[in-house]
Amino acid sequence: MQHLTRTLPASWYRSEPLYQLERRAVLLKSWYLLGPLTRFKPGSSVQYEFGQVPITVRKSSSSPDLSSEGITVVSDQDGTSLRHHVTPTGLVFSTISASAPTFHNFFPDLEPLLARVDFTRLPHRRSIKYEGNFNWKTMVDGYQECLHCQYTHPSFSVLYPPTFYAVENHVNFSQHIADPAKREDGLFLYFFPLETLNVYGGGMSSFRVCPTEKPGVTRMEFDYYHLEDADSAKFEEYFKFVRQVALEDFELCEKAQENLEKGVYNEGILNPVKENGVAFYQQQILERVTAQYEMEKSAMTATENQSPDASMAVGAKSVQAAA
């Protein structure tokens, strides 16, 4: 079974030095979905935080509603402007550092897929956030496969039977297809490394899996969009449905993290068909963290003629175990 992809070791879900490597290798070099233009009203500001980098999105009070004009994104740490991009269908993405490539280098084939949806037609209705006792990758693991859907999400499985569920991987994103025979029925996207966008059930939601400095604690942030007002019966029906799915995932992730913390599980084999989405994103993490470690080790040895510090050594053991 050597040809089958192995999971990341459990230590990658517990190690603080390893998370710091992830932060430098992955989080600081990525693009992040902030939301559709409907999230940003003229004269408003919205705060985000990715990888311990707080940012603020502002829209000028003189800018037209549903326009990309007047949008700025700045780092709250030093006030510098950050690169952002608005897709033709109205989604706003941003970097958090100068280390990220250009938008089209990071997502070269994303915009043609997004062209099927006008993201400016659904107003923002509600946002919530809370912390969970699990590593950020524990949640992404669950989103990137649907083997658990039938027993964990019975209400979702009625609408989207997992029998035909498939994941198609692209450059830095995945498309989840509930039924290959009905590709237009719902849009479910995972944006590497830690966000999703889900258009179904009459509304749209996105969630951010935000790592904290503690490897076993993650902040979940959700935004909900719908044609109906936030106090309408139709929105509440939609909100209740999607929140049920989210809470089912939350409970599953906390239980999985407990096993990871106790050493019940170390690593295993991924199903090449049913878990190809998990294999895709985990391999991206592995490759980028490994490359970052080797780059930092070479730079430190060249400039100081010494071995990496203790934190890098701990991270190295995890990297080498996974390689």
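The values are calculated or read from the model by the stated rules, or taken from the named source; none is laboratory data. Please read all numbers here as calculations on a predicted model, not as lab measurements. For neighbour counting, all protein chains shown are included, and Cβ atoms are generated from backbone atoms with ideal geometry for every residue, glycine included.
Among the residues of this structure, residue 228 does not count as one that is closer than 30 Å to residue 99 by Cβ, in a loop (DSSP other than H, G, I, E, B) and out of contact with any Cys (no Cβ under 6 Å at 6 or more places or on another chain). Residues that are touching a Ser or Thr at 6+ places or on another chain (Cβ under 8 Å) and touching a residue at least 60 places away in the same chain (Cβ under 8 Å) are absent from the range 232-240. Among the residues making up the range 195-212, those that are modelled with pLDDT under 95 and assigned to a loop (DSSP other than H, G, I, E, B) are 201, 202.
Scanning the range 195-209 for residues that are touching a residue at least 60 places away in the same chain (Cβ under 8 Å) and surrounded by 22 or more Cβ atoms within 10 Å (Cβ to Cβ) yields a count of 6. I want to confirm something. Restricting to the range 265-285 and keeping residues that are farther than 15 Å from residue 138 by Cα and among the hydrophobic types (A, V, I, L, M, F, W, C), which single residue is modelled with the lowest pLDDT? Ranking the qualifying residues of the range 265-285, first place goes to 273. When the test is whether a residue is more than 21 Å from the chain's Cα centre (by Cα) and in a helix (DSSP H, G or I), residue 240 passes it. Of all residues in the range 18-36, exactly one satisfies the criterion of being within 18 Å of residue 191 (Cα to Cα), in contact with a Gly (Cβ under 6 Å, 6 or more places away or on another chain) and among the aliphatic types (A, V, I, L, M), namely 27. When each of 22, 69 is tested for being surrounded by 17 or more Cβ atoms within 10 Å (Cβ to Cβ) and among the charged types (D, E, K, R), the lone residue that passes is 22. Of all the residues in the range 159-194, those that are at pLDDT 80 or above, of a type in the set (Ser, Thr, Tyr) and over 18 Å from the mean Cα position of the chain (by Cα) number 1.
Taking the criterion of being of a type outside the set (S, T, N, Q), crowded, with 17+ Cβ neighbours inside 10 Å and on the phi < 0 side of the Ramachandran plot, the residues of the range 82-104 that qualify are 82, 84, 85, 86, 91, 92, 93, 96, 100, 103.
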